1. What is the stretch 723-798's relative contact order, in percent, from Cα pairs under 8 angstrom and six or more apart in sequence?
2. Need one number: the % of Cα-Cα pairs in the stretch 690-836 sitting beyond the 25 Å mark.
3. Kindly put 702, 394 in sequence by how many other C-beta atoms sit within 10 Å of each C-beta, fewest to most.
4. Using a/c under 1.5 as the rounded threshold, could you call the stretch 453-714 rounded, prolate or oblate? The axes a ≥ b ≥ c are square roots of the C-alpha gyration tensor eigenvalues, and prolate needs a/b larger than b/c, oblate otherwise.
5. Assign one of three labels to the stretch 200-245, namely rounded, prolate or oblate, based on the Cα gyration tensor with a ≥ b ≥ c the square roots of its eigenvalues; rounded applies when a/c is under 1.5, prolate when it is not and a/b is larger than b/c, and oblate otherwise.
6. Just check the stretch 533-625 against the gyration tensor rule for me: Cα atoms, a ≥ b ≥ c as the square roots of the eigenvalues, rounded for a/c under 1.5, and otherwise prolate or oblate depending on whether a/b exceeds b/c.
7. Counting other C-beta atoms within 10 Å, which of 175, 801 has the fewest, and how do the rest follow?
8. Just want the ordering: 528, 160, from fewest to most Cβ atoms lying within 10 Å of their own Cβ.
Ligand SMILES: Cc1ncc(COP(=O)(O)O)c(C=O)c1O
């Protein structure tokens, strides 16, 4: 049988043209001489080849994904030796007698198990642009017919209770074959007579991967039939569209033969195979044990976790009552939090000792992780060198009074820090560049390398033991990432990338740009987002940078002026446009409203859809992102920014329903299910994350991500990190904003939204500033960086790869930046200021810096519409600033030492 059609159909008009023109072309070719071949033979071959290729294009049921004309191929000896476009295995129709389908999709890659026992996959191609059905969430239709289960316990309960037969439909939201047969299945099972005898249950395999694997589901769509009281499924049915018509008959056969065992033949018919052994409790218990053992080897509780459990049990047996699970950490931390308020009354050394004791108990409670390092760094909580010890004590006490509940994960950080992070730093060093990269902790590394030492990991994409072991671990991390962002596995897929930038590039590269597309982005985006505009232009679209108030008016207040009406295009499908913004910008740390996501999406119409990408790279290290609340279409991030290690792995979290829209051009390694070497033939893998991950994922690094996520959890989770960082940021901002030269002039001009009453909502853990001289002019940020480095402070300076935010805050115009082309080479060069002319209000004629300018303009009634009121003045405007960024392991000592050093080093200093 012919394989299902998956290519974009050739328009009838084009087909007609080809049919008319082809014979003429063939004739012309037959008359032309072809070098190197016997004249007649060469011409005939070339002509026939062309004819053959063209006819293949005309075939409506073509399986080739993104078939391109077979040009520039050397003539092959005979046409009969030409490879068939559709390999025989693909011609087995497991899915559909007509039209596109992805049924019979092998799940081997989903859980890295043995090759599929199902009929060979008809597999998928990515060319068909699907829109409407994806939006309707087909799996949520006809909900009343189904019992939905979301946990293994629910599943076990449903298949083992009641007196009805239980039919369980295993599906994936991305499985086109499932989508195609779903309405038919619903039609069959709507029959009230059938429903009296059969209960219908639905399982999304992405939600319950281990369960589906344990039940032997290796291809989709698949329906397993259970009889309560008997362990395991009675029989499994392939239910692609072409076989759904047998479903009713098959269920009747099972219903009419109680007490029998069944088998299904390759045509999809169920037949009794003999008597079913009586329900056997012992066998059931054995099966449950086997499942447990299997789970131990895979999924969420593998060998490493097993070893940890053993270690924790030992701890418990040794009289530790905290238990071993991750939940123990927050509660233990909470109890320390209570005692920490008493510690505030104690001298620092005693407080540190008390906290250390508390940490020891928490450490034991979480299986030895975060236990004090054998060679600890000197204790923190003491005045930095050169600082006034009494002032430090007072400041620390006040800080803890105000923020003790939020700071330090219940008071444990100052004791953990020396052995977890400080051990890699000199005592006077302070890491303040978390937005550049977060830091990893020692126990996280220990866990990573313990796992690497204990387990044999092979390249995934195979069924051998080390390979499938790796695949399982990688899938486990995928699930963890989804859970961390509270993203439903039915709606989102995690695609591992090299970095945040790589995820952004992937979206840019594959987005369905057309003539009417618009790539609109917030000005304050990282330049990795700005680069996407090249793809938009290449695809015939346009780009536009917008500011915050534009987005507010357009997305939240519904101002239609922001709507982009694409010109009428020749494309019948909707035009797609993309809006991108950072959840937090990496320059000033401003957090932008996530309500924009729904707002922008709602600006879509039938003919024009707006999709939203949130660059979360600078946000997720310190803020919770809940994708169940904010239906972002694409999210990108880098894991090293979250927990320091590993580098080289990021994620693109993408809505499953959108993956088929993405136009993937390159394919290689893990993305491809089938490919031929000579023909231009390939079939991409079915599962969205598989088809987007070219080559081999950095599997050891992906596995290491697990330990970063766990380390975050052990500190109490991302909300505790957020509280911790917020407390420190508030303190640091307050202290720096209050610094004054002797003449009363501020020592710093600080950017961002720290000063607003709702600063907790709109400001993240970055303090970005210019250092000011007593006369208000700007101090060299490069000099500051060198001196800070010498004093042990790791801060970052420059434009932070965010030209929109930087030049906007500093008042540099785009044309002025453009004039630097050829002069400025990067952050390391000496070009630090640009000399520009600026209008200056009369009352600010002495202004000599852009900071003065901005202040004077803000304080005056200056209106640029009245040139008489302004004068032009030459001034030096900086091209960068200083960025201090905080993260999960920042301490009070870090921020105190920095603010104290700035005050001591730069007060009243002009050069
Ligand atoms: C907001 C933001 N987006 C994107 C990136 C790019 O991240 P990466 O360099 O890890 O690809 C960064 C890096 O600093 C960032 O802060």
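1. Numbers: 80 pairs, mean separation 18.4, N = 76.
Normalised by residue count, the contact order of the stretch 723-798 is 24 percent.
2. That tail contains 50 percent of the Cα-Cα pairs.
3. The order, fewest Cβ neighbours first, is 394, 702.
4. Judged from the Cα gyration tensor, the stretch 453-714 comes out oblate (a/c at least 1.5, b/c at or above a/b).
5. oblate
6. prolate
7. By the 10 Å Cβ count, ascending: 801, 175.
8. Exposure proxy ranking, most exposed first: 160, 528.
Rule-based calculations on the coordinates, nothing more; no lab input. Because the structure is predicted, anything quoted here is derived from the model rather than measured. Cβ sites come from the backbone with ideal geometry, for glycine too, and all protein chains shown count toward neighbours.
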